[in-house]
Amino acid sequence: MDPILTTRGLARTFRTKRGTVEAVRGIDMDVEPGEILGLLGPNGAGKSTTLKMLTTLLRPTRGAATVAGHDLIREPARVRLGIGYVGQASGVDPTETVRNELTRQGRFYRLTRAEAATRTAELAAELDFADLLDRTCSELSGGQKRRLDVAMALPHRPAIVFLDEPTTGLDPASRADLWDLIRRIRAEWGTTVFLTTHYLDEADALSDRLIIVDDGRVVAEGAPAELKAAHGGSPDATLQDTFIAITGRGPKRDDLAPVAL
Ligand SMILES: Nc1ncnc2c1ncn2[C@@H]1O[C@H](COP(=O)(O)OP(=O)(O)O)[C@@H](O)[C@H]1O
Ligand SMILES: [Mg+2]
């Protein structure tokens with residue numbers, strides 16, 4: 001099967017008052033349909049910038065990419081309608097009901113009014129939040145809000161969804177729920193999932209394959225077990241040992257999760 005996503009030399013530079021920041025320095029990757037791909041790297045590695053380019057929110061400075069069958073540079077509008085995106089911060093209107101937000105999102109993705117309403121009910125049933133449809137978004141817990149964020153990427157049944165740090169800031173039980181939700185999206189609909197995380201345990205648990213980025217470059221790539229065998233010394237090595245071996249750096253402290261870069 002053809003890859004659902006390819007990039008060649010994808011790069012993005014920011015000009016700031018203090019100079020030029022090379023956030024992404026030229027990334028090549030191929031993602032197969034139905035994969036859960038984890039883009040792993042420490043804060044500032046270029047994960048969000050990469051995701052924003054692949055979802056048409058940022059224009060690449062150079063390089064090429066094909067996403068969901070369309071050229072990213074020449075056909076950004078088509079790419080946008082073929083994908084789902086969940087940003088690092090929630091995009092829902094806190095004053096609206098869950099039902100209204102999901103239906104509005106369906107309309108954004110060009111569903112008819114009736115289709116959008118039907119799809120809202122379907123998503124709520126399939127993703128276990130039918131009881132929340134008439135709540136105001138501001139009344140949801142952190143975990144519930146994040147589930148809604150993910151559902152907001154799905155009304156048009158995209159072949160690929162992009163999730164930027166989907167579980168950052170969640171308590172352990174909500175993280176486990178969200179992992180389950182991500183696995184279900186792939187299992188039930190065959191959706192390709194492209195997620196970023198700086199949590200090693202999350203990357204290990206969820207991803208079929210990892211691409212590790214550091215300072216805007218790909219530094220390693222492979223299935224978690226392959227990376228551990230190749231760099232960590234044995235397939236039983238932890239991903240943490242492996243990451244240290246690859247980057248030459250120890251894990252950074254993070255107050256939100258026990259095992260983070
Ligand atoms: N809009 C911007 N303007 C200037 N620099 C930016 C901008 N967005 C990101 N950067 C810089 O680019 C680098 C990569 O950022 P980002 O992609 O957000 O990393 P990550 O998501 O891996 O934490 C960082 O050095 C960050 O400060
Ligand atoms: Mg980020």
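Computed values, structure above
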quantity: Value of relative contact order over region 122-182, rounded to a whole percent, pairs C-alpha under 8 Å and six or more apart; calculated: 38
quantity: Rounded to 5, the percent of DSSP beta bridges in the chain classed as antiparallel; calculated: 55
quantity: Taking the C-alpha atoms of the chain, convex hull volume expressed per residue in Å³; calculated: 138
quantity: Qualifying trypsin sites (Lys or Arg not before Pro) in region 107-173, DSSP loop, other Cβ atoms within 10 Å at most 16; calculated: 110, 135
quantity: Simple label model, 7 Å out from Cα along Cβ direction - residue 173 to residue 17, nm; calculated: 4.6
quantity: Simple label model, 7 Å out from Cα along Cβ direction - residue 188 to residue 99, nm; calculated: 2.0
quantity: Relative contact order %, the chain, counting alpha carbon pairs below 8 Å whose residues are six or more apart; calculated: 23
quantity: Spin-label pair residue 78/residue 215, simplified geometry with 7 Å Cα→Cβ offset, distance in nm; calculated: 3.9
quantity: Non-local Lys pairs in the chain, i.e. 8 or more apart or on different chains, that have alpha carbons under 26 Å apart; calculated: 8
quantity: Farthest toward positive dipole pole in region 39-100 [+1 Lys/Arg, -1 Asp/Glu at C-beta], among 55, 89, 100; calculated: 55
quantity: Filtered trypsin sites (Lys or Arg not before Pro), region 1-90: DSSP coil and at most 15 other beta carbons within 10 Å; calculated: 17, 18, 74
quantity: Prolate/oblate/rounded call for region 15-111, Cα gyration tensor, a/c under 1.5 rounded; calculated: prolate
quantity: Sum of -39500 (n - 2.57) over DSSP H runs of 4+, divided by residues of the chain (222 nm, nearest 500); calculated: -10500 deg cm²/dmol
quantity: Order of 246, 36, 185 - criterion: other Cβ atoms within 10 Å of each residue's Cβ, fewest first; calculated: 246, 36, 185
quantity: Lys/Arg +1, Asp/Glu -1 at C-beta; the chain dipole; positive extreme among 38, 77, 198; calculated: 77
quantity: At R0 = 30 Å, FRET efficiency that the Cβ-Cβ distance of residue 138 and residue 108 yields, to 0.05; calculated: 0.90
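All of the numbers you see were taken from the coordinates with simple rules; none came from a lab. What you are looking at is a predicted structure, and each value in this text was computed from that prediction instead of being measured. So basically every Cβ, Gly included, is an ideal-geometry build from the backbone, and we count neighbours across all protein chains shown.
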